[in-house]
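Report on the structure given below.
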Amino acid sequence: MPHAPLLSVQGLTKTFHTAAGDVHAIKDVSFDMARGSVIGLVGESGSGKTTLGRAILRLIEPTSGSVCFDGTELATLDRKAMKAMRKRMQIIFQDPFSSLNPRMKVRDVIGEALIAHAIGRPGADRRDRVAALLEEVGLNGDHMTRYPHEFSGGQRQRIGIARALAVDPEFIVADESVSALDVSVQAQVLNLMQDLRDKRNLTILFIAHDLSVVEYLCDQVVVLYLGRITENGAAEAVYRAPAHPYTRALLSAVPVPDPKATRNRQILTGDIPSPLNPPSGCVFRTRCRYADDDCAAQVPAIRSVGPDQAAACHKIGQF
């Protein structure tokens, strides 16, 4: 009998009400995450990836929908119960330069989480915990007396990871956690996250726009466009045979190391539409070469295209 998912997101929607109108940041998003899995959430800037990650953690309140974590519906929790739940759910922010308080030493940056959740005894016990966390992410325990500006970008991101691990979470949202780093440093941080996942049995929602990074780390892929899921499934299946035109275009843009390689490039024209006024029907239709009147008239349902893959497109199998 299959195990229940650790995280189940059903029909999640977030609408921001602004003076210019309603901004539909995410719309009717649903997916499950098994314990110990890594899902890559990909899409262009403005597709709603960060909003989705923060709505799952209730760092911003969803407009509607359900987020069920290990059998508990998060939307029904009061402030005290949600604080207790946050020990099990953490986030690694995108920018290691702005996510660490420059006026605090590293021991205080990481120690804040220990104090907030009353973990360990004040004094030597907490200092030992901070030192152990720094060493777990590949830094020296003695670095706890330094300030963030004394570290490189990769080292700062390791400090951010240590801060997220301080409360022994089960689930982590990694929000573009390597995009601000050099390529060589990206590889080191990705290897660290892979090791931590195996060691701690972490479940990770890995938000990224670099599909080569997602392919390396993730078991499954969720492709987001203008707040809606266009395709999801096992990473191997999606990368081998993408079913949605948007996924195909994203994959065709991934650089390859062989300069002589010939590829069928699918260049997207135009820009992602404004979430203030999304297109009718399929939100991708204004940039899709296969779009017709049916695409404008009706929102495509997500339907299976294989045992481990699904996509939202009226034209599946026709291109």
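The values are calculated or read from the model by the stated rules, or taken from the named source; none is laboratory data. Keep in mind that this is a model prediction, so the values were computed, not measured. Here the Cβ positions follow ideal geometry from the backbone for every residue, glycine too, while neighbour counts run over all protein chains shown.
Of all residues in the range 247-257, which are of a type in the set (A, V, I, L, M) and either part of a helix (DSSP H, G or I) or at pLDDT 90 or above (or both)? Explain how you work it out, then say what you get.
Filtering the range 247-257 for residues of a type in the set (A, V, I, L, M) gives 249-251, 253-254, 256.
Selection gives Ala249, Leu250, Leu251.
Which residue is modelled with the highest pLDDT, if the candidates are limited to the range 258-299 and must be among the aliphatic types (A, V, I, L, M) and within 15 Å of Pro245 (Cα to Cα)? Working first, answer last.
Residues of the range 258-299 that are among the aliphatic types (A, V, I, L, M), as a first pass: 261, 267-268, 272, 276, 283, 291, 296-297, 299.
Narrowing further to those that are within 15 Å of Pro245 (Cα to Cα): 267-268, 272, 283, 291.
Numbers: Ile267: 72, Leu268: 79, Ile272: 84, Val283: 94, Ala291: 90.
Among those that are among the aliphatic types (A, V, I, L, M) and within 15 Å of Pro245 (Cα to Cα), it is Val283.
Name, by its number, the condition in (1) surrounded by 16 or more Cβ atoms within 10 Å (Cβ to Cβ); (2) under 28 Å from Leu211 (Cα atoms); (3) not acidic (Asp, Glu) that does not hold for Val183. Condition not satisfied by Val183: (1).
The single residue among Ala118, Ala132 that is closer than 27 Å to Asp182 by Cα and surrounded by fewer than 16 Cβ atoms within 10 Å (Cβ to Cβ) turns out to be Ala132.
Scanning the range 270-285 finds one or more residues that are aromatic (Phe, Trp, Tyr), touching a strand residue (DSSP E or B) at 6+ places or on another chain (Cβ under 8 Å) and part of a loop (DSSP other than H, G, I, E, B). Considering the range 43-92, the residues that are in a loop (DSSP other than H, G, I, E, B) and touching a strand residue (DSSP E or B) at 6+ places or on another chain (Cβ under 6 Å) include one that is farthest from Ile207 (Cα to Cα), namely Thr63. Taken as a whole, the structure places Gly160 among residues that are within 20 Å of Arg54 (Cβ to Cβ) and in contact with a Pro (Cβ under 8 Å, 6 or more places away or on another chain). Checked against (1) in a loop (DSSP other than H, G, I, E, B); (2) more than 27 Å from Leu6 (Cα to Cα), Arg156 passes all but a single condition, namely (1).
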